[in-house]
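The values are calculated or read from the model by the stated rules, or taken from the named source; none is laboratory data. Given the structure is predicted, the values throughout are model-derived calculations rather than measurements. Because the Cβ atoms are built from the backbone with ideal geometry, glycine has one as well, and the counts that use them run over all protein chains shown. Note: accessible area is taken over every heavy atom of the protein model, side chains too, but ligands, DNA and RNA are not part of it. Shrake-Rupley method; radii C 1.70, N 1.55, O 1.52, S 1.80 Å.
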Amino acid sequence: MSSLIALELMINGDRMRVSAEAHWTLLELLRYEIGLTGSKQGCDKGDCGACTVLVDGKPQLSCLILAGTAPGKQIQTIEGLQPAHRKAGGTGLDPVQDAFDRCGALQCGFCQSGMMLSARALLNENPTPDRAEIREALSGNLCRCTGYTQIVEAVELAVAESVGAEPKTPSWAKDKPWTESLSSKKGGGDQ
Amino acid sequence: MLRLPKFNLVSPKSIDEVVQALADSKGRGRILAGGTDLLPNLKHEFIEADIVVSLGEVDELRGIEVSADGGLSIGPLTSLADIASNEHVLRIAPALAQAAGTVAGPQHRIMGTIGGNVMLDTRCQWINQSHFWRSSLGFCLKKDGTACHVVEGGSRCVAAASNDTAAALASLGASLDFQNAPTEHGDGKRTLEFEALFKADGAWNKKVTPTELLTRIHIPATPRGHRGGYVKLRLRGSIDFPLLGVASRLDLDEAGKIEHADLVVIALQARPTRVRKAAKLLIGTTPGQANYDTAVAQVMDAAYKQCTPLPNIPGDHEWRQEMVPVYVKRALAAALG
């Protein structure tokens, strides 16, 4: 019944001409046609948030978007986060990625790309969210490993550093000189 | 991995083109707005479509306007996130803003639309499962089967209306414009009072067909002393559908006395449940005074007796009934802020 349809998509700032079947989701197109496997296929029915991508800057679930409805929209996946940061004049990783790295805000990593994109969308809209706002913005992304504490602290670290404030001591580092270890690691991931 | 079944996709640019595409589908078309309900249901294969008609390019279906009478005229393609934060909705219909703000998680509210939430399919723990899961158990009344797994021997589907905004819209006395393709008998347009949309059959709980297009949501003006609230019982603070939802409406006169009161409960059965008789006990009382507190206790008791949840959606149904008075009280408190 359905046949391939030609699509022109804007993905991570690049114009791409691809073809897809009408019943393919954007997630399937990204992962299995374009090869951008950073967006994860978790529940595939909109419960878990692992497939979150930014559509026109807003976090959306790519498992519930038909690929055929994506033309004309700016789509950003986790693969586009660092390039966008550098294009905007930054160095190293996006501050959200850097903070996730330094705070150990992951275990298995399956939720991480969705988490970081939700966090990036939040910081673009509100550069200085408080803890409640961070938790609300990340509430559509499930993590089955961390218990969320390090994830929220990572976003708080990114916020604190962006305004030059002293980062809060995280729950797990009461007696450790954690800010020193953080600054020594800062800029990691550049290799 | 849940694959979508095969279908064709069309993306019309106007209401006229949408209704024509739906008419051409001969009942085998489905309307795609935000996709957060349609696509999981298609993946679970309890609804079917030959053609999916995307509304994404129909700009005339978007927007929130204050109408001439001081009420609201809302395009059904407006996102739930926009409804929840819009200043006019917050002022004129606070219960609707609160309800829209509690739907699912942040991504769903950005993608999902108010029209999609109004037209949300009913939910049941025996149907919102994969085709494989359901085929192992035996199909049910909602799709492909003759048995009900909720009510033994039941002959009518009792899947629950689970749309948070429906409770709020019912309390606000909303009305809905629908459009079909014009025929020789008429222009295909009709307007339904909000509660007249629903019927008590969970297999399809609406009096319009799935191929009738919702084109506008009207909310009449609310008086200056209008207060509205919506609260929702769920296991997690995000993502979940309601295990119980209560919308409240209190219209106060200038002295602060309640002139009009309404309570609507959602996620019990196939249509929203209006707890009108109980809500009337509040009329004539004044929040903050003893007569109001006495009336609230009576309302809680009456709502408990009227609302009888079934084991249709997750969450122990007896516990959900125990929560009815608690959430009635909280909904009234949410209205008064």
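Data overview
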| item | result |
| --- | --- |
| Test: residue in the range A:47-58 that is open to solvent by less than 40 Å² (accessible area, probe 1.4 Å), among the aliphatic types (A, V, I, L, M), touching a Lys or Arg at 6+ places or on another chain (Cβ under 9 Å) and within 9 Å of chain B (Cβ to nearest Cβ) | yes |
| Failed item, numbered, when residue B:210 is tested on (1) closer than 16 Å to residue B:121 by Cα; (2) modelled with pLDDT of 95 or more | (2) |
| Residue tally, condition open to solvent by less than 90 Å² (accessible area, probe 1.4 Å) and either touching a Phe, Trp or Tyr at 6+ places or on another chain (Cβ under 9 Å) or within 14 Å of chain A (Cβ to nearest Cβ) (or both), over the range B:1-17 | 9 |
| Residues of the range A:101-130 that turn out to be at pLDDT below 95 and either in a helix (DSSP H, G or I) or open to solvent by less than 10 Å² (accessible area, probe 1.4 Å) (or both), as a count | 4 |
| Selected residue [assigned to a loop (DSSP other than H, G, I, E, B) and either of a type in the set (S, T, N, Q) or at pLDDT below 95 (or both)] from B:70, B:34, B:56, B:27 | B:27 |
| Output for the range A:40-71, where each listed residue is on the phi < 0 side of the Ramachandran plot, part of a loop (DSSP other than H, G, I, E, B) and charged (D, E, K, R) | A:40, A:45, A:47 |
| Filter result (within 9 Å of chain A (Cβ to nearest Cβ) and open to solvent by less than 20 Å² (accessible area, probe 1.4 Å)) within the range B:22-37 | B:32, B:34, B:35 |
| Search result, residues across the range B:119-147 that are among the hydrophobic types (A, V, I, L, M, F, W, C) and surrounded by fewer than 22 Cβ atoms within 10 Å (Cβ to Cβ) | B:132, B:133, B:137, B:139, B:147 |
| Which numbered condition residue B:43 misses (of (1) within 14 Å of chain A (Cβ to nearest Cβ); (2) within 21 Å of the chain's Cα centre (by Cα)) | (2) |
| The range A:26-46 - residue that is at the interface with chain B (Cβ under 7 Å from one of its Cβ atoms) and within 17 Å of the chain's Cα centre (by Cα) and, of those, nearest to residue B:45 (Cα to Cα) | A:46 |
| Counted residues, the range A:59-75 - those being open to solvent by less than 30 Å² (accessible area, probe 1.4 Å) and more than 7 Å from chain B (Cβ to nearest Cβ) | 5 |
